[in-house]
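These notes concern the structure reproduced below.
The values are calculated or read from the model by the stated rules, or taken from the named source; none is laboratory data. Note that the structure is predicted; figures quoted are calculated from it, not measured. All Cβ positions, glycine included, derive from the backbone under ideal geometry; neighbour counts span all protein chains shown. When the accessible area is computed, the model is the full protein with side chains, heavy atoms only, and any ligands, DNA or RNA have been set aside. Shrake-Rupley method; radii C 1.70, N 1.55, O 1.52, S 1.80 Å.
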Amino acid sequence: MQGQAVSHSLVAWIVTGTVLGSGGGIIDDFLQISRARWAFRTPSMFTSVSLDIKLSFGATLGYILTTHAWTFAEHAPGFPLSSTLDAVLAMVPHLSDHEAHVISGLLCSAVLSTAAHMRAGQYAAAERASLATARRKKTDEVASDSGADIESDSE
């Protein structure tokens, strides 16, 4: 670990993969470039972690684990639990780079599309409730106008 390049750090790999996987959102949140007035601000990822960041983290970790791209024996030989952790990592099925990319992409797509479908359902339910409220108001207004007409005719 000490004396090795940062490119051999598991933490650096995970951070880099997570930021690259959700980087557009993080950069937009930091610079506010999707807003009318650009400004620097602390990204909200430091206060609450979004689904995109969680997925990017999971995909990065899954890729590293399934491709066996990082081993403790090779990159952290002085770590006390290196052999034990490598034995646990050896139980993870080995995939090629291409297979790991496909599986990560499919899992991320499935989760994001499910989340989008759920948000669309919530939006549709809110829209239906809004329309029902508008119809009730209109019906109440018509009924109260009719009642006023009936009272004026009887006098």
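Determine if the range 39-58 includes at least one residue that is outside any loop (DSSP other than H, G, I, E, B), of a type in the set (Ser, Thr, Tyr) and modelled with pLDDT under 85. Break it down into steps so the answer makes sense when it comes.
Filtering the range 39-58 for residues outside any loop (DSSP other than H, G, I, E, B) gives 44-46, 51-58.
Narrowing the set further to residues that are of a type in the set (Ser, Thr, Tyr) leaves 44, 56.
Still in the running and modelled with pLDDT under 85: 44.
So far as the range 39-58 goes, yes, one or more of its residues are outside any loop (DSSP other than H, G, I, E, B), of a type in the set (Ser, Thr, Tyr) and modelled with pLDDT under 85.
So which residues in the range 56-77 are under 22 Å from HIS98 (Cβ atoms) and not hydroxyl-bearing (Ser, Thr, Tyr)?
Keep residues of the range 56-77 that are under 22 Å from HIS98 (Cβ atoms), which gives 56-71.
The answer is PHE57, GLY58, ALA59, LEU61, GLY62, ILE64, LEU65, HIS68, ALA69, TRP70.
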Please specify each residue of the range 20-52 satisfying the condition of being touching a residue at least 12 places away in the same chain (Cβ under 8 Å), within 25 Å of GLY62 (Cβ to Cβ) and of a type in the set (A, V, I, L, M, F, W, C). LEU20, ILE26, MET45, LEU51
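It is to be established whether one or more residues within the range 60-79 are under 22 Å from ASP28 (Cα atoms) and in contact with a helix residue (DSSP H, G or I) (Cβ under 7 Å, 6 or more places away or on another chain). Even if it seems obvious, please write down each step before you answer.
Step one: filter the range 60-79 for residues under 22 Å from ASP28 (Cα atoms), giving 60.
Cutting the leftovers down to in contact with a helix residue (DSSP H, G or I) (Cβ under 7 Å, 6 or more places away or on another chain) gives us 60.
The answer is yes, given that some residue of the range 60-79 is under 22 Å from ASP28 (Cα atoms) and in contact with a helix residue (DSSP H, G or I) (Cβ under 7 Å, 6 or more places away or on another chain).
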Please determine whether any residue of the range 88-95 is within 25 Å of the chain's Cα centre (by Cα) and part of a helix (DSSP H, G or I). no
I'd like the full set of residues that are open to solvent by 70 Å² or more (accessible area, probe 1.4 Å), at pLDDT 80 or above, closer than 19 Å to LEU65 by Cβ and not hydrophobic (A, V, I, L, M, F, W, C), limited to the range 1-38. THR16
Which residues, counting only those in the range 82-126, are open to solvent by less than 50 Å² (accessible area, probe 1.4 Å) and acidic (Asp, Glu)? ASP86
Residue count, the range 45-66, condition among the hydroxyl-bearing types (Ser, Thr, Tyr) and exposed (fewer than 14 other Cβ atoms within 10 Å of the Cβ), comes to 2
